[in-house]
Amino acid sequence: MDYMQPFGVDIDLVEGVMRDHDRVVVRRASAMLGHYADGAALQALIDAGDPVHYEVFEKAVPAEYGHLLFCISKLYPGRVGDEYFMTKGHYHTVAETAEVYLCLRGKGYMLMKTAEGGCVPAPMARNRLVYVPPYWAHRSINTGDEPLISLCIYPGDAGHNYGDIEREGFPKRVFFRGGQEVIA
Ligand code: S6P
Ligand code: ZN
C-alpha cells in the first residue's frame, strides 16, 4: 500500500491564517459581481481599489472520496451599500455531502438554503459550530467589525457548484439598517 503520510498544520487564531498552507483562494470585490443587492455600490468599491473580500487557506489534500478537505476561511468586515460582506456561496457538486464550520473569531451568519426554498440564517460566533447538512447551499456573512474566521471541514469529493446558486440567489440578505442588523 502506498500510504499518504499524516501531517499537521499550524493555525493562527488571531490572524486567521493557516501558516503552512499550500493554496490561498483570494476573492476581491470584483469576484462578487451579481451577488449584492446594490450593484452600483459594489462597482464603486471595485473602482476604489477592489479590496479583498475573503481568503481561503487550504492544504493540498486529494479531492477524493474518503479524504477530508479542510480550510481556514477569513471573511473581512465591511458593507456593500448597507449589505454586509459575504462569500459567494455554493451547493456541493456532490449535493449529498455535508460540511461543518467552526467559528474561531468574529461574528455573523451561515446562511443556508435548499433548492425548494428553505432558508436558515444560523448565527456564527467564536466557538460555535454550524452543521451544514447535505443539499443545503451555504454562504458566510460577516456582521462584525473584525474578520469572521472559520475552520471548514468537508468530504474530499464534495466539489463546488456555484452555477445553481448564482441563478437562484439566496432568499434572504443581511443588512445594517436603522442602526441594527436586519435579515430581509
Ligand atoms: C467549501 C467551503 C469553504 C468555502 C469558502 C469560500 O466547501 O464551504 O471552503 O469554499 O468559505 O466560499 P465560496 O462560496 O466562495 O466557495
Ligand atoms: Zn461548502
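Within the stretch 108-124, can one find any residue that is open to solvent by 40 Å² or more (accessible area, probe 1.4 Å) and at pLDDT below 95? Yes, there is a match, as at least one residue in the stretch 108-124 is open to solvent by 40 Å² or more (accessible area, probe 1.4 Å) and at pLDDT below 95. For beta carbons closer than 9 Å, sequence separation of 6+ or different chains, a first residue in the stretch 91-109 that is on the phi > 0 side of the Ramachandran plot and in contact (Cβ under 8 Å) with a residue 24 or more places away in the chain and a second that is open to solvent by 30 Å² or more (accessible area, probe 1.4 Å) and of a type in the set (D, E, K, R), the qualifying pairs are Gly106/Arg126; Gly106/Asp145; Gly106/Glu146.
Being of a type in the set (A, V, I, L, M) and either loosely packed, with under 13 Cβ neighbours inside 10 Å or assigned to a loop (DSSP other than H, G, I, E, B) (or both) is the filter here; which residues of the stretch 146-170 pass it?
Going through the stretch 146-170, the residues of a type in the set (A, V, I, L, M) turn out to be 148-149, 151, 153, 158, 165.
Listed by number, the list holds a single entry, Ala158.
The values are calculated or read from the model by the stated rules, or taken from the named source; none is laboratory data. Source: prediction; values computed, not measured. Using ideal geometry, Cβ is built from the backbone for each residue, glycine included, and neighbour counts are taken over all protein chains shown. To get the accessible areas, we keep the full protein, side chains included, count just its heavy atoms, and leave off ligands, DNA and RNA. Shrake-Rupley method; radii C 1.70, N 1.55, O 1.52, S 1.80 Å.
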